[in-house]
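**Q** Got a structure for you, questions after.
Coordinate-derived values only; no laboratory data. Owing to the predicted nature of the structure, the values given are computational and were not obtained by experimental measurement. Counting neighbours? That spans all protein chains shown, and the Cβs are built from the backbone with ideal geometry, glycine included.
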C-alpha cells in the first residue's frame with residue numbers, strides 16, 4: 001500500500017512548507033527578523049504557552065527565516081538565540097539590522113530528540129535580501145503578532161477589556177528565563 005506512504009509524506013510536506021523544521025545535520029537559513037521570546041511548557045503530548053509560575057519552561061525565539069528561497073516561520077531554541085547574540089558581538093560577523101547580512105548554518109546533531117545539540121555557523125559570504133523576499137516578508141505578521149496567534153489557540157476569550165490587559169501584562173517570556181537576557185535579539 002505505497003499510496004498510503006506517499007499520501008502521508010505529501011501531507012507532511014504540505015503542512016511543513018511554511019514552517020522551519022530542524023533536520024539532522026545542516027539547516028541553512030537567513031534570519032529575516034528579530035527573535036521574539038515565546039515561553040512554552042510540555043504537557044506530555046504537546047507544547048502549550050507557559051504562564052507565570054509554571055515549571056519546566058522552554059523559551060523559543062519566534063522569527064522569520066529564509067530557507068531554500070521560502071520565507072518560513074521559525075521557533076528557534078534558546079541555545080541558538082544565545083549563539084546568534086554572540087555573533088552580533090563578533091567583530092567579523094556583527095550586525096544590528098534585519099534581515100541579517102549573512103546566512104547561518106544551524107547544525108543539529110540528534111535532531112528530534114531531547115539530546116539534540118545545536119551549533120550556529122555563520123556564512124563567510126554576505127547576503128543581501130532580494131526585493132521579492134522583502135515584499136514577501138512585509139506581508140507576514142511580526143514575530144510578536146505570531147506569538148499572540150499561537151497563544152490565542154490555547155486561551156479562552158477574555159470576558160472584559162480589563163482581563164485582556166491583565167493577560168497581556170502577565171506574560172513576560174524573557175522574565176521567565178533565569179539568566180541575563182541583555183543583548184539577546186529578542
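**Q** For the residue pair residue 5 and residue 135, what label-to-label distance in nm results when each label sits 7 Å from Cα along the Cα-to-beta-carbon direction?
**A** If labels sit at residue 5 and residue 135, their model points lie 4.1 nm apart.
**Q** Under the classification rounded if a/c is under 1.5, otherwise prolate if a/b is larger than b/c and oblate if not, where does the stretch 55-106 fall, given a ≥ b ≥ c as square roots of the Cα gyration tensor eigenvalues?
**A** Judged from the Cα gyration tensor, the stretch 55-106 comes out oblate (a/c at least 1.5, b/c at or above a/b).
**Q** What's the extension gain from residue 126 to residue 163 if we count 0.36 nm per residue and subtract their Cα-Cα distance?
**A** Difference between extended and current length: 8.7 nm.
**Q** How far apart, in nanometres, would the label points at residue 152 and residue 17 be if each is projected 7 angstrom from Cα along the Cα-to-Cβ direction?
**A** Placing both labels 7 Å beyond Cα along the Cβ direction yields 2.4 nm.
**Q** Under a point spin-label approximation (7 Å from Cα along Cα-to-Cβ), what is the residue 116-residue 96 distance to one decimal in nm?
**A** Taking the simple label geometry, residue 116 and residue 96 are separated by 3.3 nm.
**Q** In Å and on Cα atoms, what radius of gyration and Dmax does the stretch 18-176 show?
**A** So, for the stretch 18-176, Rg and Dmax equal 16.7, 52 Å respectively.
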